[in-house]
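Please read the structure below before turning to the comments.
The values are calculated or read from the model by the stated rules, or taken from the named source; none is laboratory data. What you are looking at is a predicted structure, and each value in this text was computed from that prediction instead of being measured. Cβ: placed from backbone, ideal geometry, glycine included. Neighbour counts: every protein chain shown.
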Amino acid sequence: MDLKALQRIVDAGESETVEFKKSTAQLSRAGEWGRGTQMIVDLCVRAGHPDPEFVEQTGAVGVRFLPSGYIAPHRIVHDLTQRQREILQLIARDQPIPLRDIMKRLANPPAAATVRDDLYHLKRIGLLDSRGRGRGAVWLLRQEGLK
């Protein structure tokens, strides 16, 4: 893996595990291990992400890049739409949040009934909870969905 590929992974900000093909013995013999890990940590810190986890498995080295915040899933039981993922991201940033604020912050807001349908769908599949009723209702991530 070259530096540009590593930079793309760190900049993406999603959790990902990368396995390096060099064995730990090769890395320590070449003296690359210490400088390489510090470079990876520095890239993560500069991108605003937590320090990565380093794991050694069967003679290879793995690096797990951790997300800096909530990442909406692509698929639960079925695919989520881009708008549903955007709604989850908005709620993760500013929860609890009422429907009117969600509508204001969506990039291309559809009709309120469409967003309401999305919210109820996300609640039905276990990603969201709501408190209150009607105009006073607020939406928040279900705690089990954060794990």
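So that you can scan it fast, the table gives a plain yes or no per residue for (1) closer than 19 Å to Asp79 by Cα; (2) within 19 Å of the chain's Cα centre (by Cα); (3) polar (S, T, N, Q):
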| site | (1), (2), (3) |
| --- | --- |
| Leu99 | no, no, no |
| Met103 | no, no, no |
| Ala112 | no, no, no |
| Val115 | yes, no, no |
| Gly126 | yes, yes, no |
| Gly136 | no, no, no |
Exercise for review: Scan the stretch 82-101 for residues that are hydrophobic (A, V, I, L, M, F, W, C) and closer than 15 Å to Arg131 by Cα and report the count.
Suggested key: 3
Point to revise | Filter result (in contact with a Pro (Cβ under 9 Å, 6 or more places away or on another chain) and without any contact (Cβ under 8 Å) to a residue 12 or more places away in the chain) within the stretch 89-147 | key: Ser130, Gly132
Exercise for review: May I ask you to list the residues in the stretch 49-75 that are among the hydrophobic types (A, V, I, L, M, F, W, C) and at pLDDT below 70?
Suggested key: Ile71, Ala72
Review point. When the stretch 94-144 is examined, which residues are found to be of a type in the set (Asp, Glu), surrounded by 11 or more Cβ atoms within 10 Å (Cβ to Cβ) and part of a helix (DSSP H, G or I)?
Key: Asp101, Asp117, Asp118
Check your understanding: Quick one: is Pro110 out of contact with any Phe, Trp or Tyr (no Cβ under 7 Å at 6 or more places or on another chain) and modelled with pLDDT of 90 or more?
Key -> yes
